[in-house]
């Protein structure tokens, strides 16, 4: 039974003629729950996120999407750092509930993260164009720099979220807007719907974190 559950060929339901496996459906549930908890600034989002990354790793392994698979251990590492920062803030960084305060980047930091994003895109995109030359295990990348842009937005958003920076939601929103466009252009039906939910939670995060930041200012 468990073997069938983890098999992507085992269809749970069909949307628009496209089969969705049990594993994919679980990934969606854990992913949406994690982002929703994050939008409410709840540290439990990281524990849910660890399960989400594990499921994605298994999915990408079965689909031979090795570059996406390799991103998951990196995401887990960033999330471990985020869980530590959120639950063990320094004295000057915590609120009355001993939680990490929500903060904003200054203009210099914003520029730095934009350059960080560009750096990730250029370096990762170049690696993707050469990965198939290293080993036949990796198929040639069809859209290396587009894939790298998605990876760059994901990692930058995670790094900012780990520090509880409000701007992380801007990167998350940009990522999901791009995903919606890509999924629709690829003729997918279920995934654009999922991406719309992710985007909705991103907007909740933008609004809720801003309100929490304003409350923090009043208490200071």
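Remarks
- Filtered residues of segment 53-103 (kept if touching a strand residue (DSSP E or B) at 6+ places or on another chain (Cβ under 9 Å), part of a helix (DSSP H, G or I) and surrounded by 14 or more Cβ atoms within 10 Å (Cβ to Cβ)): 59, 85, 86, 93
- For segment 1-24, filtered to residues that are surrounded by 13 or more Cβ atoms within 10 Å (Cβ to Cβ) and assigned to a helix (DSSP H, G or I), the residue that is modelled with the highest pLDDT is 24.
- Out of 137, 123, sole residue that is touching a helix residue (DSSP H, G or I) at 6+ places or on another chain (Cβ under 9 Å) and at pLDDT 85 or above: 123
- Residue 207 vs. criteria surrounded by fewer than 19 Cβ atoms within 10 Å (Cβ to Cβ), at pLDDT 90 or above and touching a helix residue (DSSP H, G or I) at 6+ places or on another chain (Cβ under 8 Å): no
- Top-ranked residue of segment 25-40 - restricted to ones that are over 11 Å from residue 190 (Cβ atoms) and either free of Cβ contacts under 8 Å to residues at least 40 places away in the same chain or surrounded by fewer than 17 Cβ atoms within 10 Å (Cβ to Cβ) (or both), ranked as nearest to the chain's Cα centre (by Cα): 34
- Residue satisfying condition, being assigned to a loop (DSSP other than H, G, I, E, B) and touching a residue at least 24 places away in the same chain (Cβ under 8 Å), within set 153, 131, 188, 117: 188
- Only one of 216, 158, 163 that is surrounded by fewer than 16 Cβ atoms within 10 Å (Cβ to Cβ), under 27 Å from residue 111 (Cβ atoms) and touching a residue at least 40 places away in the same chain (Cβ under 8 Å): 216
- The residue pairs whose first member lies in segment 47-63 and is touching a residue at least 40 places away in the same chain (Cβ under 8 Å), whose second member is part of a helix (DSSP H, G or I), and whose beta carbons are closer than 7 Å, counting only pairs six or more residues apart or on different chains, are 58/23; 59/23; 59/24; 59/27.
The values are calculated or read from the model by the stated rules, or taken from the named source; none is laboratory data. None of the values given here were measured: they were computed from a predicted structure. Counting neighbours? That spans all protein chains shown, and the Cβs are built from the backbone with ideal geometry, glycine included.
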